[in-house]
1. Restricting attention to the stretch A:98-136, which residues are within 14 Å of chain B (Cβ to nearest Cβ) and closer than 23 Å to A:P205 by Cα?
2. What are the residue pairs meeting all of these: first residue in the stretch B:92-111, first residue at pLDDT 80 or above, second residue assigned to a helix (DSSP H, G or I), Cβ atoms under 6 Å, and 6 or more apart or on different chains?
3. Only one of (1) more than 9 Å from chain A (Cβ to nearest Cβ); (2) under 19 Å from A:T154 (Cα atoms); (3) touching a helix residue (DSSP H, G or I) at 6+ places or on another chain (Cβ under 8 Å) fails for B:F249. Which number is that?
4. Restricting the search to the stretch B:113-135, which residues are under 24 Å from B:S54 (Cβ atoms) and assigned to a loop (DSSP other than H, G, I, E, B)?
5. Applying the selection to the stretch B:76-95, what residues are among the hydrophobic types (A, V, I, L, M, F, W, C) and not in a helix (DSSP H, G or I)?
6. Take the stretch A:137-155 and flag every residue that is facing another protein chain (nearest Cβ under 7 Å) and under 19 Å from A:R180 (Cβ atoms).
7. Find the strands (runs of 3 or more DSSP E) located wholly in the stretch B:136-231 whose residues include 1 or more that are under 32 Å from the mean Cα position of the chain (by Cα), away from chain A (no Cβ under 14 Å) and surrounded by 15 or more Cβ atoms within 10 Å (Cβ to Cβ), and list them.
8. Could you tell me how many of the residues in the stretch B:59-77 are closer than 12 Å to B:V37 by Cβ and at pLDDT 85 or above?
Amino acid sequence: MPRAAEKATTAGESAWWSARTVAPARGLRWRFGPLALFVYRLAAEWQIGYEFTAGDEEPEGWSVDELLELPAEVAKLERFVPGGGHSTVTLRPQAADRSLVAKPRMPLLVLPGEETKIYVSAPIWIAVTVGEPAETLREVPVRRLSDTWVGSSTLDGEVAYALKTHARARLEEMPKRTYRTITPVVIRNESDEVLPIDRVSLPVPYLSIWATPDGFLWTQKVTLVRSDNPLMAGLDVGSGPPEEAVGAERVTAARRTASSSLFVRAFSTLLSPFSGED
Amino acid sequence: MSELWTELAAYLTVEKTLALVRAAVLLVAGYLISKIVARAIGGLASGRLELQQSVLLRRVVSYLVMVLFVVAALHQLGFNLGVLLGAAGVLSVAAGFASQTSASNLVSGLFLIGERPFAIGDVIQIGGTTGEVLSIDLLSVKLRTFDNLFVRIPNETLIKTEVRTLSRFPIRRVDLQIGVAYKENIERIRELLFEVADRNPLCLDEPKPVFIFQGFGDSAVNIQFSPWALKENYLELKNTIQLEIKKAFDEKGIEIPFPHRSLYVGSATDPFPVRVVDGEAGKSVAGRS
């Protein structure tokens, strides 16, 4: 069993992405919802381990404890030997490396000519970095998401992550979790038909992350416009933090930079051709 | 011995020696130039052509250059090329009959390179052989099987038979055949299978897994359940999900039946004679049999 030091830092004291100094033969354990992340420093190496707890529950807060030794039964454990005797470790929030296909638990309908705004909460990837300038050792998702496929057929499309979302329309109803980002999604229906939203594809690699003073993470506002083409949607990624994130500062830049106009398979209601052959 | 030397000296006049040297220089130069040209073409073609096409182009060009220089060298040595070509015509007919198979493979190879059903690095299945394509040549395709054997398949075979390219599309379907006992509720099993697929992160959320009721078998209700995976996760999903299905079935007490056999002795109406014995006695009897 790991012996935890007496002093335990709890959520709220400071942002989890601030730098922490680790003495040799000491370590830290963070908990972010389903993820337990271990970072342990030896004289010349860093050991990083992580494991996920099963289940859908995600407590709101996060915590960090000091460790005197690594627990023996960590599921994934890796050793890193970076150059230079770094003594600080910094976690950095990072958007997912593929698009996210958010499925509202209940389908949402947007009438022709109308516009609606929903909030999508997405788990982030945590980059473990050491030293200054930061050297990234490992990226770990807060929750392991299921793979999925977005495309008009099994031949043509892209790989994404599947995400179940409540797609809440009111910000006050959003659970406050510091290890997920909130993305305001505006959906405008410029076609003549009712637009059923049973899935929304979010181009997360193009989104930067902002943090508000109260410790919550936001991405830019994303506007999806459905015109007459049923498969593709026009996408507009806002340039700064959304207006809901008052006093936000940018923590992480986007993984990819977007060209001026992006078209994505955003609502793609598809897949009838290959749901039941044989 | 001395006669041989005098004859050789008589033959090797200054002119002949010069011609020989010229021919040798031509051959060496031809070899070097063909290598340089082939390398230059390889550099130009990389990025524009696929790997096997650029390999083929390099080979053809280097052979052509080499042939030109060999012909020039022969000309220097005083061979009459007209006669040589005539002889080559007769020879080629004979060679054509002799090398039918090679020629057919060669033509098949050209078609194969034009058609591009697979590329170097793809995983293909031909007959019973599955492997990674190492090279696509004019006469044959070389594979490395997963048990690390080198397999050469003649191009003619590839043109004639069905070839499956397993790594062509980014996603693949994993077909699982499952038999459950007749007493089970199939609707409940369907839900359970979808739950298991939903929990496995390697199983694609979309396309949805396919559930097919295959029919009433001899001893089980046969079901096909086919989740989808990225091609690189195909094997891992196939392994993990079957374990998870077995575990889920065990937890819910769902039976995967063994084949059932009903035995009759003599007439179908006569039952087996059954003798009831004590627990302890029964055990020892069973242990001995």
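The values are calculated or read from the model by the stated rules, or taken from the named source; none is laboratory data. This is a predicted model, so every value here is computed, not measured. Cβ placement follows ideal geometry from the backbone for every residue including glycine, while neighbour counts extend to all protein chains displayed.
1. Going residue by residue through the stretch A:98-136, those that are within 14 Å of chain B (Cβ to nearest Cβ) are A:98-105, A:123.
Passing the criteria: A:R98, A:S99, A:L100, A:V101, A:A102, A:K103, A:P104, A:P123.
2. Cβ pairs passing all conditions: B:S104/B:E156; B:N105/B:N155; B:N105/B:E156; B:S108/B:N155; B:S108/B:E156; B:S108/B:I159; B:G109/B:N155.
3. Going through the list (1) more than 9 Å from chain A (Cβ to nearest Cβ); (2) under 19 Å from A:T154 (Cα atoms); (3) touching a helix residue (DSSP H, G or I) at 6+ places or on another chain (Cβ under 8 Å), B:F249 breaks only (2).
4. Answer for the stretch B:113-135, where residues must be under 24 Å from B:S54 (Cβ atoms) and assigned to a loop (DSSP other than H, G, I, E, B): B:R116, B:P117, B:F118, B:A119, B:I120, B:G121, B:D122.
5. B:L77, B:F79
6. Selection gives A:R144, A:L145, A:S146, A:T148.
7. Counting at least 1 such residues, we get B:140-145, B:150-154, B:163-165, B:176-180.
8. Of the residues in the stretch B:59-77, 8 are closer than 12 Å to B:V37 by Cβ and at pLDDT 85 or above.
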